[in-house]
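Read the structure below first, then the notes.
What follows draws every value from the coordinates through simple rules; no lab data is involved. Here the structure is a predicted model, which is why all the values come from computation and not from measurement. Neighbour counts run over all protein chains shown; Cβ positions are idealised from the backbone, glycine included.
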Amino acid sequence: MRFIELDASKWRTVLDFYNALLAALGAPNWHGRNLNALVDSMIFGGINAIDPPYTVRIVGTAHLPSELKSEVDYTVDTIRKVRRSDAYVEFQIEL
C-alpha cells in the first residue's frame, strides 16, 4: 500500500487543501478543486498519476480554521462512504 503524507499546518483555506492533495496525487492542471472531482479521480481512477490503493495521511491539523476542518472532514467521510474494494482509498487524520 502506498502512503501519501500531507502537512496541513500551513493550510488556511479550502483551496490550500485541494491544491496539496491534488499535487500529491499527480492530478492534471485541469482537475477540479471540489469534492465531486476528487471522487471521480480518487475512486474511479485513470486521471491522476497515482491510482488506488493508497492511504492519505494528513498531519498538522490541530489549528485548522473551522471552515477548512469541516471541508477536510466532509471530504474524508465522503470518500470513505463511496470507496470501492477494488479502488481502496483511506484517510488518516493526525493532529
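Figures for the structure shown
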| read-out | value |
| --- | --- |
| Degrees between helix 14-25 axis and first principal axis of the chain (Cα, 0 to 90, nearest 10) | 40 degrees |
| Rounded to the nearest 20 debye, dipole of the chain from Cβ charges on Lys, Arg, Asp, Glu | 40 debye |
| Scattering profile of the chain at q = 0.12, 0.15, 0.16, 0.25 Å⁻¹ [log10 I(q)/I(0), Debye over alpha-carbon scatterers] | -0.32, -0.52, -0.59, -1.52 |
| Chymotrypsin sites (Phe, Trp or Tyr not before Pro) restricted to the range 4-95 and DSSP loop, no more than 16 other C-beta within 10 Å | W30, Y88 |
| The range 41-64 versus the range 76-95: alpha-carbon centroid distance in Å | 8 Å |
| Between helix 66-82 and the chain: long-axis angle, C-alpha atoms, 0 to 90°, nearest 10 | 20 degrees |
| Cut-off 12 Å between beta-carbons: net charge of the residues surrounding N19, Lys and Arg +1, Asp and Glu -1 | +2 |
